[in-house]
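To keep things clear, I will list the structure first and then write my remarks on it.
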Amino acid sequence: MAGKVGTLSIDTLLAARFTSAARYGLDNIAKILKADLQVHNTLMQEMLSDFCDVTGDRQRIYGSSDSTIMYAVDEFGRAPTQKPAVGTTVGFPLKLFQYAIGWTRKWLENHTPADMAIAQQAAQKAHRRKVRGEIQRAIFLSGNYSWPDYLVDNITLGVKRLVNADGSPIPEGPNGEVYNAAMHTHYLALAGGALTTVIADAVIKTVVEHGWGGQMRVYISSADESAWRGLTGFQPYLDPRLTVGTYANFALGKRLDITRLDNRAIGIYGAAEVWVKPWMIPFYFFAFDATTDAKPAVLRTRSGNMNEDGLAIAAELDMYPLHAQYMETEFGVGIWNRTNGAVGYYNGATYVDPVIPG
């Protein structure tokens with residue numbers, strides 16, 4: 001007789017509500033929890049893929065040479081030699097985060113595998129919240145900072161933000177445009193508390209003028225969706241339930257996703273597709289090119305593989321009558337391509353860094 005076909009999943013543990021964790025067997029539980037962690041880490045990597053490159057690099061060179069010129073000379077003339085800069089070093093932090101779960105031996109005898117599965121799901125939720133917070137800090141905070149790489153060798157890394165008028169060389173634009181490195185910024189603001197085409201156009205243009213634009217996207221908060229839909233020139237994707245069988249279904253080549261209200265593309269504005277994202281902050285929006293390999297941000301892990309270096313069980317301590325499990329993750333987020341991204345803030349005349357909890 002053929003054996004039962006199936007896959008170990010956390011649902012198996014959630015269904016085991018009528019036997020204790022001790023009787024079910026910690027080894028069996030560990031196999032299932034490990035498989036679920038691999039799925040969780042894979043999903044996290046897919047979530048980041050549009051705008052974040054996962055890598056093991058801790059530093060990269062951003063940008064190209066400074067602007068140089070050609071001199072007019074006569075037949076006996078010689079132009080002076082020029083020494084272009086080769087770009088700016090940008091660093092990426094690596095941080096250690098930990099989540100501890102503890103129980104007693106009697107707890108294991110009285111609680112089910114489902115309770116242990118729920119504990120791991122809580123750790124995964126905390127992991128997602130931490131990754132979201134680190135991404136928000138990398139994108140929305142406008143000041144550069146130094147990071148001692150304490151998990152490796154304590155070398156101080158210079159972590160940069162998007163272009164922020166810090167004087168670092170900025171690559172020329174596609175048509176030879178030259179930018180004032182002491183004034184040019186990708187953090188734009190507009191007073192009044194109301195979204196207008198002025199700031200929406202300015203933020204998108206700030207990215208496109210650097211040569212990006214293969215697939216421009218604007219990420220917004222669900223709280224700002226109605227404001228974007230109200231902009232002159234916004235072309236919404238249409239709800240298929242209201243336009244079944246009509247040509248309007250395909251007017252923009254894409255239907256509105258009705259399954260995730262907080263994570264979907266809602267339409268086209270100017271050169272960009274507008275997306276609602278659950279981690280975006282009200283009054284702020286983020287524009288970038290999603291098609292290029294030069295992603296705006298980098299998520300650094302130890303080996304450069306989120307599936308290997310994501311959330312993992314780091315240690316289990318069994319000291320009767322106590323038992324503890326420590327779950328760890330090592331990662332950090334920093335800006336890599338400083339021109340492929342701009343942030344708009346429309347609730348003040350000057351840009352204000354948002355308060356990001358955690």
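The values are calculated or read from the model by the stated rules, or taken from the named source; none is laboratory data. Predicted, not measured: the structure shown is a model, and the values here were computed from it. Cβ: placed from backbone, ideal geometry, glycine included. Neighbour counts: every protein chain shown. SASA here: full protein model, heavy atoms, side chains in, ligands and nucleic acids out. Shrake-Rupley method; radii C 1.70, N 1.55, O 1.52, S 1.80 Å.
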Could you list, in sequence order, the residues of region 193-216 that are within 13 Å of Gly344 (Cα to Cα) and surrounded by fewer than 22 Cβ atoms within 10 Å (Cβ to Cβ)? Gly193, Ala194, Leu195, Thr196, Thr197, Val198, Ile199, Asp201, Ala202, Lys205
So is Ala126 surrounded by 14 or more Cβ atoms within 10 Å (Cβ to Cβ), modelled with pLDDT under 80 and part of a helix (DSSP H, G or I) or not? no
Just to be sure before I move on: is Trp107 at pLDDT below 70 and in a strand (DSSP E or B) in the structure I sent? no
Hits in region 154-213 - residues which are hydrophobic (A, V, I, L, M, F, W, C) and at positive phi: Ala165
Only one of (1) modelled with pLDDT under 90; (2) surrounded by fewer than 15 Cβ atoms within 10 Å (Cβ to Cβ) is not met by Gln325, so which one is it? (2)
Selected residue (criterion: surrounded by the most Cβ atoms within 10 Å (Cβ to Cβ)) from residues of region 258-285 that are at pLDDT below 90, of a type in the set (A, V, I, L, M, F, W, C) and under 17 Å from Asp239 (Cβ atoms): Leu261
I need the full set of residues from region 129-155 which are among the β-branched types (Val, Ile, Thr) and either within 18 Å of the chain's Cα centre (by Cα) or open to solvent by less than 60 Å² (accessible area, probe 1.4 Å) (or both), in order please. Val131, Ile135, Ile139
If a residue has to be over 14 Å from Glu273 (Cβ atoms) and in contact with a helix residue (DSSP H, G or I) (Cβ under 7 Å, 6 or more places away or on another chain) to count, how many in region 192-230 make the cut? 1
Give just the number: which of (1) at pLDDT 95 or above; (2) not in a strand (DSSP E or B) does Tyr219 not satisfy? (2)
Of the residues in region 217-239, those that are within 14 Å of Phe285 (Cβ to Cβ), of a type in the set (Ser, Thr, Tyr) and open to solvent by less than 40 Å² (accessible area, probe 1.4 Å) number 2
Write out, first by first residue and then by second, each pair whose Cβ atoms fall under 8 Å of each other, whose residues are 6+ apart or on separate chains, and whose first residue, in region 139-162, is closer than 15 Å to Leu96 by Cβ while the second is in a loop (DSSP other than H, G, I, E, B) and open to solvent by less than 40 Å² (accessible area, probe 1.4 Å). Trp147/Pro93; Asp149/Pro93; Asp149/Leu94; Leu151/Leu94; Val152/Leu94
